[in-house]
Amino acid sequence: QKEVEQDPGPLSVPEGAIVSLNCTYSNSAFQYFMWYRQYSRKGPELLMYTYSSGNKEDGRFTAQVDKSSKYISLFIRDSQPSDSATYLCAMSYSGGYQKVTFGTGTKLQVIP
Amino acid sequence: DAGVTQSPTHLIKTRGQQVTLRCSPKSGHDTVSWYQQALGQGPQFIFQYYEEEERQRGNFPDRFSGHQFPNYSSELNVNALLLGDSALYLCASSSPPYEQYFGPGTRLTVT
């Protein structure tokens, strides 16, 4: 069993839709939770970074962490064609060590 | 701020050869991590360097080695290349305990 599970998709939605992306994980030691966006043949770009449980909002993006269920989510409101990319969830342990464990990524396509 | 930079962008090598990839961290960052991303997969942690020492290592063979220089830049070396080493190699820099920022990657093709 992988430490981090993520549905690879692809997920196709119409422009303007609310997108929900999710990951589950098995290691309760994870404390830092991240979402990265990766365009084709590019490096991952950090979108959201949260510590422990709770919600965090940044513009059209909302990240949720539920440590009791070992479940994290990313919501994208008013999705745009430019949001079409692969979204990677990622997590790491607390402290100074920053080994990051990634999901496989969910490919999202927003159709105009 | 130039962000994380990596060189070269693309590389084609033959099985059995050796390769060196380079990374310059984001300004102010002192920690460099390397990841391998196979097609359709998430990045896999190779190792991390801090103060010129390998601090943590993922499940990769000894053919993968690295180095960090006093200016925090880093190199990833892979010996005896295998076809399965073909991937996007990503460098990420950070100033722990904060988030990692990734470079654009080096795409390695082994033939």
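Of all the criteria given as (1) under 14 Å from A:GLU3 (Cα atoms); (2) more than 13 Å from chain B (Cβ to nearest Cβ), the one not satisfied by A:THR104 is (2). Pairs meeting the criteria (first residue in region B:26-47 and farther than 15 Å from B:PHE102 by Cβ, second residue of a type in the set (Phe, Trp, Tyr) and open to solvent by less than 10 Å² (accessible area, probe 1.4 Å), beta carbons under 9 Å, at least 6 apart or on different chains) are B:PHE47/B:TRP34; B:PHE47/B:PHE64. Residues in region A:89-109 that are polar (S, T, N, Q) and surrounded by fewer than 16 Cβ atoms within 10 Å (Cβ to Cβ) were compared, and the one that is modelled with the highest pLDDT is A:GLN109. The condition (being over 19 Å from B:LEU90 (Cβ atoms), in contact with an Asp or Glu (Cβ under 9 Å, 6 or more places away or on another chain) and open to solvent by 10 Å² or more (accessible area, probe 1.4 Å)) is satisfied by just one residue among A:GLN38, A:GLN80, A:GLN64: A:GLN80. Scanning region B:83-104 for residues that are assigned to a helix (DSSP H, G or I) and at pLDDT below 95 gives no hits. In region B:1-79, counting only strands (runs of 3 or more DSSP E) that sit wholly within it, the ones holding 3 or more residues that are surrounded by 13 or more Cβ atoms within 10 Å (Cβ to Cβ), within 12 Å of another protein chain (Cβ to nearest Cβ) and not hydroxyl-bearing (Ser, Thr, Tyr) span B:31-37, B:44-50, B:53-57.
Checked against the criterion of being closer than 14 Å to B:CYS23 by Cβ and either under 11 Å from the mean Cα position of the chain (by Cα) or not basic (Lys, Arg) (or both), region B:82-89 has at least one qualifying residue. Test A:THR86 against the criterion of being facing another protein chain (nearest Cβ under 10 Å), crowded, with 18+ Cβ neighbours inside 10 Å, in contact with a strand residue (DSSP E or B) (Cβ under 8 Å, 6 or more places away or on another chain) and among the hydroxyl-bearing types (Ser, Thr, Tyr), and give yes or no. The answer is yes for A:THR86.
The values are calculated or read from the model by the stated rules, or taken from the named source; none is laboratory data. Owing to the predicted nature of the structure, the values given are computational and were not obtained by experimental measurement. Reconstructed Cβ throughout: ideal geometry from the backbone, glycine too, with neighbour counts over all protein chains shown. Only protein heavy atoms, including side chains, enter the accessible area calculation; ligands, DNA and RNA are left aside. Shrake-Rupley method; radii C 1.70, N 1.55, O 1.52, S 1.80 Å.
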